[in-house]
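The values are calculated or read from the model by the stated rules, or taken from the named source; none is laboratory data. Only a predicted model underlies this, so the values are computations on that prediction, with no experimental measurement involved. Using ideal geometry, Cβ is built from the backbone for each residue, glycine included, and neighbour counts are taken over all protein chains shown. SASA here: full protein model, heavy atoms, side chains in, ligands and nucleic acids out. Shrake-Rupley method; radii C 1.70, N 1.55, O 1.52, S 1.80 Å.
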Amino acid sequence: MLEDLLDVVKLRFNVNTAAENDKDDEKDEKAENKVEIPKDLAFKCPRCLNMIMTDELVKNLKVCPECGYHSRISSEERLNLTVDKGSFIEFDKDMVSRNPIGFPGYDQKQDELRKKTGLRDAVITGECKIRGIRCVIGIMDSRYMMASMGSVVGEKITRAFEYGAEHKLPVIMFTASGGARMQEGIVSLMQMAKTSGAVGKLAEAGQLYIAVMTDPTTGGVTASFASLGDIIIAEPKVVIGFAGRRVIEGTIKQRLPDDFQTAEFMLEHGFVDLIAERKTMRRTLAHILKLNGYKPAEEV
Amino acid sequence: MEMNNKLTPPEKLDLIRDKDRPTVRDYIPMIFDEFIELHGDRYYGDDRAIIGGLASIKGIAVTVIAEVKGRNLNENKESNFAMPHPEGYRKALRLAKQAEKFHRPVVCFIDTPGAFCGVEAENRGQGEAIARNIMEFMTLKTPVISIVLGEGGSGGALALGVCDKLAVLENSIYSVISPRGFASILWKDGGREREAASIMKITADDMLELGVAEEIISEPFGGAQNDPKETAKNISEFLLKTLKEKMAIDIDVLLNERYTKFRKIGEFEEL
Ligand SMILES: [Zn+2]
């Protein structure tokens, strides 16, 4: 009896949210138009090793249709998939790093990457709306030095949290990183303190921080702001961990299981709140923002 | 300060790995009038890579939290070569929160190659444990003073390094990753460790220059191991002076200064 009743309630709840989402999604342009079409004809999935035809991959928002691995996408694609069209106002667009320890080749490497990616460093930050709700967003981009955190990444992320605290806005961070940026030496380590301290400022201001862990979230970023979300979401099958898998395998002299340091592993061990698919991420974020009391901004 | 033993970074690397270099177990009885060790993180276990407890220095009660290098193989086995697991960082946070509650300053001794990289450490959330410490220490409402005794390696060091004043022993190093790790990641050759040490900017002088540390504690000629008592005396003097200085500051001002100290580290320009 009670179970039947629960089922009815569940059904209604699902029907209602689904209907609402469909309505909202109609206003959106087709999600698959928001990801870039790769030049290669096929994609070899690093998880299941299947070859996926490019059009199939694009249709599936660059998620492997065989195993569900959520492959890496650019910050621009992520932005298109996540925020209301035309709502993004970028912060600190022109910030570039110096070479604090004078590491040979660092400046040239960055010049090359800037040309290749059109980015100035490994994160974009700004203010946006998601289904009308104002928020601060940061998106790390693994194409730029595996989104390692140096002075620019640290400063932009810190400023984004401080902006959220000052303007009473929630902050959403899409994390991806190989860790601290070795080329900046100890200065990169200190960015962990800066960013984590800034998360504290947002908390003091009573605002929500949602971390969305994408492939790969590791090292000093896992050991700082990425792990400090009030709510931590992960994309399916992505790598999340502190130490590198190969470092650990080298120490214990044996192969680790395939699911070690995955989103699912982190969920099972209690370090992730939920796993959400890319195609539902926007509505998941909007839903969480709403349930935390954030309302769509008045149409002006 | 008299710098009577200017060594190159690779020479410092050798010195801090010298088996006779004093560890925190040597220093504690020489620096503090008393020490009562407190164990456990209250969630999982008691990590021997980090010890903590109540202590007093010239009558000032403090909480001590320290990474422990062993003086021999047995001690190193027990303390896992000073590479903490998550429960070590969680014990540190528990004791820091306790210190806050009873208005005791916290004194942290850093001496670690880094947080432990292993299956169990990942299972129990090594990243989360370090992140939590960094964030919580930033707003801990009591003075925090940290000292690098030998090796300050990566996030494993920073987890005890968010403080109002960081001092580094003259020959100690502080780095984003061990020089060997740096060489193996950037040059795919861990053997170029000494070369890495030379360019990474990891010495006490570098820390002052980069705004990471505020003070250098001098070591006797030939390094701390040549006269542990003298080194302990230098550490004590620094601690007493700094405790008095920081305890006199209004806590809101102190927290603001702590945030700003880290906030301003970063080298970038806006075009
Ligand atoms: Zn796959």
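Report the residue count in segment A:216-231 for those that are closer than 13 Å to A:G200 by Cα and more than 8 Å from every other protein chain (Cβ to nearest Cβ).
Total satisfying the criteria: 2.
Based on this model, can you work out whether B:P10 counts as over 21 Å from B:S146 (Cα atoms), assigned to a helix (DSSP H, G or I) and at pLDDT 95 or above? I'd like the intermediate steps shown before the answer.
Details: over 21 Å from B:S146 (Cα atoms): yes; assigned to a helix (DSSP H, G or I): yes; at pLDDT 95 or above: yes.
Yes: the conditions hold for B:P10.
Looking at segment A:241-253, is at least one residue open to solvent by 60 Å² or more (accessible area, probe 1.4 Å), farther than 14 Å from A:T218 by Cα and not basic (K, R)? Give the derivation first.
Keep residues of segment A:241-253 that are open to solvent by 60 Å² or more (accessible area, probe 1.4 Å), which gives A:245-247, A:251-253.
Checking the rest, the ones that are also farther than 14 Å from A:T218 by Cα come to A:251-253.
Now restrict to residues that are not basic (K, R): A:251-252.
Looking through segment A:241-253, at least one residue is open to solvent by 60 Å² or more (accessible area, probe 1.4 Å), farther than 14 Å from A:T218 by Cα and not basic (K, R).
Taking segment A:232-245, which residues are at the interface with chain B (Cβ under 10 Å from one of its Cβ atoms) and under 15 Å from B:E122 (Cα atoms)?
Correct list: A:I240, A:G241, A:F242, A:A243, A:G244, A:R245.
Filter segment B:47-84 for residues that are part of a strand (DSSP E or B), of a type in the set (S, T, N, Q) and surrounded by fewer than 20 Cβ atoms within 10 Å (Cβ to Cβ) and give the result.
Selection gives B:S56 alone.
I need the full set of residues from segment B:247-260 which are within 9 Å of chain A (Cβ to nearest Cβ) and open to solvent by 20 Å² or more (accessible area, probe 1.4 Å), in order please.
Within segment B:247-260, B:Y259 is the sole residue that qualifies.
State which residue is surrounded by the most Cβ atoms within 10 Å (Cβ to Cβ) when the search covers only segment A:263-287 and only residues that are touching a strand residue (DSSP E or B) at 6+ places or on another chain (Cβ under 9 Å) and of a type in the set (V, I, T).
A:V272
Give just the number: which of (1) open to solvent by less than 40 Å² (accessible area, probe 1.4 Å); (2) more than 18 Å from A:T125 (Cβ to Cβ); (3) more than 14 Å from every other protein chain (Cβ to nearest Cβ) does A:K290 not satisfy?
(1)
So, in segment A:166-209, of the ones that are among the β-branched types (V, I, T) and facing chain B (nearest Cβ under 8 Å), which residue ends up nearest to A:S224 (Cα to Cα)?
A:V199
Can you name the condition, by its number, that B:N234 falls short on among (1) open to solvent by 60 Å² or more (accessible area, probe 1.4 Å); (2) part of a helix (DSSP H, G or I)?
With (1) open to solvent by 60 Å² or more (accessible area, probe 1.4 Å); (2) part of a helix (DSSP H, G or I) applied to B:N234, the lone miss is (1).
Give me the pairs, please: first residue somewhere in segment B:251-271 and more than 15 Å from A:K156 (Cβ to Cβ), second residue anywhere and open to solvent by 50 Å² or more (accessible area, probe 1.4 Å) and part of a helix (DSSP H, G or I), beta-carbon distance under 9 Å, and either six or more positions apart or on two chains.
Matching pairs, first to second residue: B:Y259/A:K201.
Give the residue that is nearest to the other protein chains (Cβ to nearest Cβ), with candidates limited to residues of segment A:28-82 that are of a type in the set (G, A, S) and more than 11 Å from the ligand (Cβ to nearest atom). First the steps, then the outcome.
Narrowing segment A:28-82 to residues of a type in the set (G, A, S): A:31, A:42, A:68, A:71, A:74-75.
Applying the additional criterion that residues be more than 11 Å from the ligand (Cβ to nearest atom) yields A:31, A:42, A:74-75.
Numbers: A:A31: 31, A:A42: 29, A:S74: 22, A:S75: 18 Å.
Result: A:S75.
Considering only segment A:89-108, I want to know if a residue exists there that is at pLDDT 95 or above, over 30 Å from B:L210 (Cβ atoms) and out of contact with any Lys or Arg (no Cβ under 8 Å at 6 or more places or on another chain).
yes
Could you grab me the full set of residues in segment B:144-179 that are in a strand (DSSP E or B) and either open to solvent by 10 Å² or more (accessible area, probe 1.4 Å) or of a type in the set (D, E) (or both)?
B:E151, B:K165
I need the strands (runs of 3 or more DSSP E) fully contained in segment A:88-189, keeping only those with at least 2 residues that are under 16 Å from the mean Cα position of the chain (by Cα) and surrounded by fewer than 23 Cβ atoms within 10 Å (Cβ to Cβ).
Passing ranges, in order: A:123-130.
Among residues belonging to segment A:152-165 that are within 17 Å of B:M135 (Cβ to Cβ) and β-branched (V, I, T), point out the one that is farthest from the other protein chains (Cβ to nearest Cβ).
Once the filter is applied, the top-ranked residue is A:I157.
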